[in-house]
Each structure stands twice: as C-alpha cells, then as structure tokens.
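Below: the structure, in structure tokens.
The values are calculated or read from the model by the stated rules, or taken from the named source; none is laboratory data. Quick caveat, the model's predicted, so the values are computed rather than measured. Please note: Cβ atoms are built from the backbone with ideal geometry, for glycine as well, and neighbour counts cover all protein chains shown.
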Amino acid sequence: MKKYIFYFSIALLAFSCQNEIQIDPESGAQIKVQSEGLSYKDVEIEVNGKKSELKVFDYGDEITLNFVNVEGFIREKGKIYPGLKLLVLNKQGDSLLYYDDMYADQDPVGKNPVTLTASMIAAKPMRTGEILRAKLDFWDKKGKGKMHVDFEFSTKSNDNITVKSQKIEYNEIYIFSEKTGRVITDNQYDNDDMLYFILEGLKGFNEQNGVIYPCLMLDVKNEKGEIILHQDNILQAYYEDGVSKDAVEEKIYFGLGSKALTQGKKLSIHAVLVDRISDASLIMDTEISLKK
C-alpha cells in the first residue's frame with residue numbers, strides 16, 4: 001500500500017499578496033502572511049477539491065492552499081522561478097515534515113496570471129487531535145522577493161467510524177483505498193477497489209512470555225442485513241502462537257475486495273478486537289456506501 005502524504009504543484013492562474021492575517025469568524029481558520037517584494041490578491045482553502053474555511057480536517061483530507069494572483073516575481077524570458085520550503089510542526093515544536101524546496105522538480109511558470117498552490121494530505125506522521133502548524137516559505141529564485149505563510153490547523157478522526165474501547169488504546173483508525181492510494185474520508189467506495197481498514201498504535205494487551213495474543217472478529221452485512229462475510233478470527237496465528245506487541249502497535253488491518261464490495265450498495269462493518277488473556281477489547285463499527 002502506498003500512502004501519499006504531501007505534494008505541491010504550480011497551477012497556471014494568478015497572484016497578489018499583502019502582509020495580513022485572515023480569520024474566518026465562524027471556523028477560526030487562520031492564515032498569517034508576511035511578504036517582501038511579493039504580493040497576492042487572495043488565498044483560498046480547498047478540502048478534497050472543494051472550497052472550505054475550516055481549520056479542523058478529517059484524517060486523510062487533502063488540504064490545498066491557493067495563493068491567487070501572485071505578483072512580484074522577476075521574469076526571465078517570460079517565465080518565473082518560484083521556490084517553496086515546507087516545515088510542519090506539532091504543538092511541542094517537533095518537526096514532522098521538512099522539505100527544502102517542494103518546487104525543485106517543477107518547470108518554470110510562463111503563463112500569466114499565476115496561482116501558486118500548496119497541497120498536503122493530513123495523515124501520518126500527523127496525528128488526530130494535535131494542533132499543527134505548517135510554515136511555508138515562497139521565494140523568487142531569480143530575485144529577492146519572498147513570502148512567509150503560517151497556517152495553523154488540526155485533524156480529527158472519521159466521524160463515520162464508531163469506536164468503543166475497553167483498556168485498548170489506539171492512535172488512528174481509518175479506511176485506505178488501494179485504487180486511489182488515499183485515505184477515504186467520506187466512506188464511499190468503488191466496487192472494483194480494495195479497501196483496507198487500518199488500526200494503528202494499539203496498546204493495552206497483556207504480555208505473556210514476551211508476546212501478546214490478539215483476536216479480531218469480523219462481520220460484514222449488506223443493506224438487507226444479510227451477512228456476506230464472517231471471520232471468527234483474522235489473527236488466528238497471533239491468537240495461537242502470540243506476536244510481539246510492537247508489531248501490533250505498528251499496525252494491524254483487514255481488507256475488503258471486489259468480492260465483498262459488489263454484494264451491496266451499502267455495507268455495514270463490525271469488527272471486534274480482544275485480548276486472549278485479559279478483558280481488554282475494542283469494537284469498531286462503520287458503514288460504507290457505493291459511489292453513485
């Protein structure tokens with residue numbers, strides 16, 4: 001499985017930028033901009049391709065900042081040469097991501113007007129519930145113009161996934177699409193896809209002789225309430241022989257392929273994770289729907 005965390009691109013639209021703070025009074029979305037020699041007309045936030053003014057995003061959302069009508073770049077033979085440095089920090093000041101120049105492999109921009117676009121996937125190494133700060137530094141590779149952007153945001157877990165836990169802790173639970181290489185945030189799927197239901201950061205199992213003994217039961221029902229898939233224990237080998245707690249903490253998952261996904265337009269997934277040698281448990285319930 002591939003997980004694409006961040007990518008940046010240059011879109012051929014336009015830009016103009018002043019020093020300012022933009023705050024939406026309802027959502028609290030905040031973008032601070034300081035510039036020297038560069039200007040922009042507007043800055044827009046998009047979530048999964050749609051305009052938004054949120055600052056709390058679902059884990060796996062694609063967040064895009066569009067700086068519209070940028071001016072001030074020196075043109076050589078009608079083209080501009082922007083650079084973009086990225087640093088993402090958590091509240092403790094730990095560096096989660098750092099890139100010297102996200103535009104290093106981009107071609108120079110020749111069309112005018114220009115929009116500079118920064119896109120990121122709100123996923124690992126970011127964690128839900130953390131306050132995060134993305135620091136973006138644009139600069140002109142042919143001149144002295146520069147612009148610093150400070151964007152504060154956080155992520156939350158998928159509201160469509162219900163988790164009830166007793167003594168078992170976790171970091172993230174999400175659905176991953178093999179077809180798109182992305183986290184699914186709206187619980188909609190294509191029936192020719194392969195979906196992975198991933199549980200990360202699991203803790204709370206009792207350890208015995210250096211190993212733990214997890215069990216994962218799965219039921220999948222269609223919209224008629226008919227069971228189309230049942231598995232008593234996906235982790236049977238672990239349940240019998242044990243497994244290191246580090247391996248389980250890193251990640252466990254189960255998948256649903258086209259054989260299951262083609263058996264209904266709405267599927268209910270019920271998964272129960274238990275510890276063989278204690279009363280620790282975790283129950284996950286969710287519904288997924290076929291894209292229209």
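Which numbered condition in (1) closer than 21 Å to Glu172 by Cβ; (2) crowded, with 18+ Cβ neighbours inside 10 Å; (3) among the small types (Gly, Ala, Ser) is the only one that Gly242 fails?
(1)
Return yes or no: is Ile23 within 24 Å of the chain's Cα centre (by Cα), buried (at least 19 other Cβ atoms within 10 Å of the Cβ), at pLDDT below 90 and β-branched (Val, Ile, Thr)?
Numbers: within 24 Å of the chain's Cα centre (by Cα): yes; buried (at least 19 other Cβ atoms within 10 Å of the Cβ): no; at pLDDT below 90: yes; β-branched (Val, Ile, Thr): yes.
When the stated conditions are applied, Ile23 does not pass them.
Would it be correct to say that Val43 is buried (at least 17 other Cβ atoms within 10 Å of the Cβ), of a type outside the set (Gly, Ala, Ser) and in contact with a strand residue (DSSP E or B) (Cβ under 8 Å, 6 or more places away or on another chain)? Explain how you work it out, then say what you get.
Details: buried (at least 17 other Cβ atoms within 10 Å of the Cβ): yes; of a type outside the set (Gly, Ala, Ser): yes; in contact with a strand residue (DSSP E or B) (Cβ under 8 Å, 6 or more places away or on another chain): yes.
Criteria met by Val43.
Taking Ile228 as the residue in question, decide whether it is farther than 24 Å from Lys156 by Cβ and either surrounded by 14 or more Cβ atoms within 10 Å (Cβ to Cβ) or out of contact with any Pro (no Cβ under 9 Å at 6 or more places or on another chain) (or both). Reasoning before the result, please.
Details: farther than 24 Å from Lys156 by Cβ: yes; either surrounded by 14 or more Cβ atoms within 10 Å (Cβ to Cβ) or out of contact with any Pro (no Cβ under 9 Å at 6 or more places or on another chain) (or both): yes.
Yes; evaluated as a whole, the condition is true for this residue.
Conditions tested, residue by residue: (1) in the same structural domain as Lys41 (by TED's automatic domain parsing); (2) surrounded by fewer than 18 Cβ atoms within 10 Å (Cβ to Cβ); (3) not in a loop (DSSP other than H, G, I, E, B).
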{"residue": "Gly129", "(1), (2), (3)": "yes, yes, no"}
{"residue": "Ser165", "(1), (2), (3)": "no, yes, yes"}
{"residue": "Tyr174", "(1), (2), (3)": "no, no, yes"}
{"residue": "Asp186", "(1), (2), (3)": "no, yes, no"}
{"residue": "Asp192", "(1), (2), (3)": "no, yes, no"}
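Show the residue pairs that are 6+ apart or on different chains and have beta-carbon atoms under 6 Å apart, the first residue being within the stretch 218-233 and in the same structural domain as Thr262 (by TED's automatic domain parsing), the second being hydroxyl-bearing (Ser, Thr, Tyr).
Every condition considered, the pairs that remain are Lys221/Ser268; Asn233/Tyr239.
Does the stretch 238-253 contain at least one residue that is within 15 Å of Asn191 (Cβ to Cβ) and without any contact (Cβ under 8 Å) to a residue 60 or more places away in the chain?
We begin by selecting, within the stretch 238-253, every residue within 15 Å of Asn191 (Cβ to Cβ); these are none.
No, because not a single residue in the stretch 238-253 is within 15 Å of Asn191 (Cβ to Cβ) and without any contact (Cβ under 8 Å) to a residue 60 or more places away in the chain.
Kindly indicate which of Lys77, Lys85, Lys124, Lys135 is among the basic types (Lys, Arg) and exposed (fewer than 15 other Cβ atoms within 10 Å of the Cβ). Please lay out each step first, then the result.
On the way: Lys85 fails: exposed (fewer than 15 other Cβ atoms within 10 Å of the Cβ); Lys124 fails: exposed (fewer than 15 other Cβ atoms within 10 Å of the Cβ); Lys135 fails: exposed (fewer than 15 other Cβ atoms within 10 Å of the Cβ).
Result of the check over Lys77, Lys85, Lys124, Lys135: Lys77.
Results for (1) in contact with a strand residue (DSSP E or B) (Cβ under 8 Å, 6 or more places away or on another chain); (2) modelled with pLDDT of 95 or more; (3) aromatic (Phe, Trp, Tyr), shown as yes or no for each residue.
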site: Lys124; (1), (2), (3): yes, no, no
site: Thr128; (1), (2), (3): yes, no, no
site: Glu152; (1), (2), (3): yes, no, no
site: Ser165; (1), (2), (3): yes, yes, no
site: Tyr170; (1), (2), (3): yes, yes, yes
site: Ile175; (1), (2), (3): yes, yes, no
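Looking only at the stretch 35-74, how many residues end up being under 27 Å from the mean Cα position of the chain (by Cα) and assigned to a loop (DSSP other than H, G, I, E, B)? Can you show your working first?
Here is the first cut: in the stretch 35-74, the residues under 27 Å from the mean Cα position of the chain (by Cα) are 42-68.
Then keep just the ones that are assigned to a loop (DSSP other than H, G, I, E, B); that gives 48-49, 53-55, 59-61.
Going through the stretch 35-74 one residue at a time, the tally reaches 8.
Just give me the residues in the stretch 75-97 being of a type in the set (Asp, Glu) and over 31 Å from the mean Cα position of the chain (by Cα), in sequence order. Spell out the reasoning first.
We begin by selecting, within the stretch 75-97, every residue of a type in the set (Asp, Glu); these are 76, 94.
Listed by number, the list holds a single entry, Glu76.
Name the pairs: first residue in the stretch 134-156 and within 15 Å of Tyr99 (Cα to Cα), second residue surrounded by fewer than 18 Cβ atoms within 10 Å (Cβ to Cβ) and of a type in the set (Gly, Ala, Ser), Cβ to Cβ under 6 Å, at least 6 apart or on different chains?
Listed by first residue and then by second, the contacts come to Trp139/Gly83.
Of everything in the stretch 271-287, what is surrounded by fewer than 16 Cβ atoms within 10 Å (Cβ to Cβ) and not β-branched (Val, Ile, Thr)? Give them in sequence order.
Asp279, Asp285, Glu287
Taking the condition assigned by TED's automatic domain parsing to the domain that holds Gln34, touching a Gly at 6+ places or on another chain (Cβ under 7 Å) and not polar (S, T, N, Q), does Ile74 pass?
Numbers: assigned by TED's automatic domain parsing to the domain that holds Gln34: yes; touching a Gly at 6+ places or on another chain (Cβ under 7 Å): yes; not polar (S, T, N, Q): yes.
Yes.
Can you tell me which residue in the stretch 198-209 is farthest from Ser278 (Cα to Cα), limited to those that are surrounded by fewer than 18 Cβ atoms within 10 Å (Cβ to Cβ) and touching a helix residue (DSSP H, G or I) at 6+ places or on another chain (Cβ under 9 Å)?
Glu200
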